[in-house]
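Step one of this worksheet: look at the structure below.
The values are calculated or read from the model by the stated rules, or taken from the named source; none is laboratory data. In this text, all values refer to a predicted model and were calculated from it rather than measured experimentally. Every residue, glycine among them, receives a Cβ derived from its backbone with ideal geometry; neighbour counts consider all protein chains shown. For the accessible areas, the whole protein counts, side chains as well, though only heavy atoms, and no ligand, DNA or RNA atoms are used. Shrake-Rupley method; radii C 1.70, N 1.55, O 1.52, S 1.80 Å.
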Amino acid sequence: MSKVQVIFYSMYGHIYKMAEAVAAGAREIESTEVSVYQVPELVSPEALERTGAKAAREAFAHIPVAVPDKLVEADAIIFGTPTRFGMMTAQMRNFLDQMGKLWMSGGLIGKVGSVFTSTATQHGGQETTITSFHATLLHQGMIVVGVPYSEKGLTNMNEITGGSPYGASTLAGTDGSRQPSQNELAIARFQGKHVAGIARKLAAR
Ligand SMILES: Cc1cc2nc3c(=O)[nH]c(=O)nc-3n(C[C@H](O)[C@H](O)[C@H](O)COP(=O)(O)O)c2cc1C
């Protein structure tokens with residue numbers, strides 16, 4: 001049995017939808033146990049209410065909160081974060097910054113790490129968010145995996161779409177009204193399956 005954890009932060013639900021697609025893809029690999037977690041919120045309930053995020057977050061309130069010490073149980077961890085000014089959210093950064101103990105013990109060395117993201121706009125920093133996230137995974141000794149071009153959705157020129165060799169992604173629109181497209185969800189499923197397949201091979205060695 002190999003274990004895949006999908007750990008995400010989402011304010012308005014786009015990354016949550018992508019996380020479910022990533023998890024579904026990972027579940028396609030036999031003998032793989034997939035768990036989905038969200039990182040703790042840092043924004044006050046008042047601010048969430050004011051920005052309309054409170055209602056959106058109810059859709060995934062049932063997802064358990066991630067605990068840093070539990071990461072050591074995984075063979076692969078796939079992280080999802082929206083973009084904030086071209087980088088990961090403070091909520092995800094805060095979670096990663098609680099991994100000092102794991103860093104010191106080498107608890108994540110040799111595990112597979114992968115990242116997916118979401119922006120409001122087409123050129124709003126998807127690639128910088130994912131590649132800057134990779135630095136933390138490399139410091140932890142993880143094996144960084146993206147999405148190879150065998151996923152044909154990456155070359156789709158018929159529509160506006162997220163997705164790159166760095167990882168799955170979606171575009172939310174500046175008002176958040178755009179939802180992950182079929183192409184983006186397919187790339188997310190591919191990422192989950194691809195990472196889980198590699199983790200399975202590593203676990204079987
Ligand atoms: C403070 C802040 C900074 C943001 N920075 C960017 C950005 O640099 N580029 C961009 O395209 N969208 C940016 N966004 C939009 C978010 O990335 C977008 O709301 C998010 O991807 C939606 O995902 P979610 O529904 O999972 O929260 C920003 C939003 C906030 C609140």
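So here's what we get for this one:
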{"item": "Length-normalised contact order for the stretch 110-160 - Cα pairs under 8 Å, 6+ apart - percent", "result": "44 percent"}
{"item": "Cross-link table LYS3/LYS70; LYS54/LYS101; LYS3/LYS54; LYS70/LYS152; LYS101/LYS201, entries beyond 23 Å C-alpha to C-alpha", "result": "LYS54/LYS101; LYS3/LYS54; LYS70/LYS152; LYS101/LYS201"}
{"item": "Nonlocal amide H pairs with PHE8, under 5 Å, H built at 1.01 Å", "result": "TYR37, GLN38, VAL39, GLY80"}
{"item": "Normalised contact order of the stretch 1-84, rounded percent, pairs of Cα under 8 Å and 6 or more residues apart", "result": "47 percent"}
{"item": "Helix-only mean residue ellipticity at 222 nm for the chain, each DSSP H run of n ≥ 4 adding -39500 (n - 2.57), per residue, nearest 500", "result": "-11000 deg cm²/dmol"}
{"item": "For peptides 91-98, 183-190, 124-131, sequence by mean Cβ density within 10 Å, most packed first", "result": "183-190, 124-131, 91-98"}
{"item": "Tail weight of P(r) past 25 Å, computed on alpha-carbon pairs of the stretch 13-140, percent", "result": "26 percent"}
{"item": "Accessible surface of the stretch 49-147, 1.4 Å probe, proportion on carbon and sulfur as whole %", "result": "59 percent"}
{"item": "In Hz, Karplus ³J(HN,Hα) per residue of the stretch 163-180 (6.51, -1.76, 1.60; θ = phi - 60°; x = Gly, Pro)", "result": "x, 8, x, 7, x, 5, 7, 9, 10, 8, x, 5, 9, x, 7, 6, 9, x"}
{"item": "Extreme residue, positive dipole direction of the chain, given options ALA55, LEU71, ILE198 (C-beta unit charges)", "result": "ILE198"}
{"item": "In order through the stretch 14-30: 3J(HN,Hα) via Karplus (6.51 cos²θ - 1.76 cosθ + 1.60), integer Hz, x for Gly, Pro", "result": "5, 5, 4, 4, 5, 4, 5, 5, 4, 5, 4, x, 5, 5, 6, 8, 5"}
{"item": "Per residue value of the accessible surface for the stretch 165-205 (all protein chains in place, 1.4 Å probe), Å²", "result": "47 Å²"}
